Amino acid sequence: MNETTAEVTVLGLCDAEKGTAGMAAQYGEILAGGRAVLQGCARCGAAAFPPRLRCRSCSSDDLQWWDAGDTAKVTSWARVALNGPTETASVPRRVGKDGPYTTVVVQPESFADVRLLCLLVTADGGIEHDAVPTSNDRVTVRTASLGGSMVPVCSLGPNEDPR
Ligand SMILES: [Zn+2]
């Protein structure tokens with residue numbers, strides 16, 4: 001069972017009857033609101049990412065989109081160097097010539113058992129080329145438009161926990 005340490009903010013209902021393609025469309029619409037999102041179960045309270053058609057804890061399809069919060073901690077990262085264009089519908093294609101880029105796996109501070117994949121950006125939203133994150137660095141999580149799609153992004157800081 002996943003644990004949440006804060007009250008959840010429901011951003012929308014997750015309609016599993018629309019299948020994975022329908023849920024992917026919903027996910028993109030929610031990201032357009034600027035908030036990183038994860039999936040939560042209205043029945044048992046489990047949080048999860050990536051989204052699934054049924055809760056992994058209780059198998060319910062009574063699922064919601066939850067705000068992942070503003071802050072998270074780095075758990076791992078990878079810098080990706082580009083050696084020319086790629087045709088795949090992925091981050092490398094969207095980043096294009098603006099590489100290298102860094103993908104970061106983060107643990108939202110309010111959802112200890114969830115991991116989100118984010119693109120590391122500068123404070124002003126550009127692709128981060130130079131910063132090297134370390135495990136447990138605090139990051140600010142939000143979304144940004146990349147190549148016409150909204151994606152989760154994070155930037156390093158703030159360093160102090162405001163609570
Ligand atoms: Zn559940």
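The values are calculated or read from the model by the stated rules, or taken from the named source; none is laboratory data. Just so it is clear, the structure is predicted and the values come from calculations on it, not from any experiment. Methodologically, a virtual Cβ is constructed for each residue, glycine included, from the backbone with ideal geometry; neighbour enumeration extends over all protein chains shown.
Some notes on this structure:
- Enumeration of residues in region 103-119 that are in a strand (DSSP E or B) and buried (at least 24 other Cβ atoms within 10 Å of the Cβ): Val104, Val106, Pro108, Cys118
- Pair list, Cβ < 6 Å and 6+ apart or interchain, from region 133-147 residues that are at positive phi to residues that are in a loop (DSSP other than H, G, I, E, B) and at pLDDT below 95: none
- Only listed residue being loosely packed, with under 14 Cβ neighbours inside 10 Å, at pLDDT 90 or above and part of a loop (DSSP other than H, G, I, E, B), chosen from Asn159, Asn83, Asn136: Asn136
- Residue check for Ser57: of a type outside the set (A, V, I, L, M, F, W, C), more than 30 Å from Gly19 (Cβ to Cβ), surrounded by fewer than 17 Cβ atoms within 10 Å (Cβ to Cβ) and modelled with pLDDT of 95 or more: no
- Looking at Asp62, Asp113, Asp67, just one residue is within 16 Å of the ligand (Cβ to nearest atom), modelled with pLDDT of 95 or more and not aromatic (Phe, Trp, Tyr), and that residue is Asp62.
- Breaking point among (1) part of a loop (DSSP other than H, G, I, E, B); (2) touching a residue at least 60 places away in the same chain (Cβ under 8 Å); (3) within 16 Å of the ligand (Cβ to nearest atom), for Leu38: (1)
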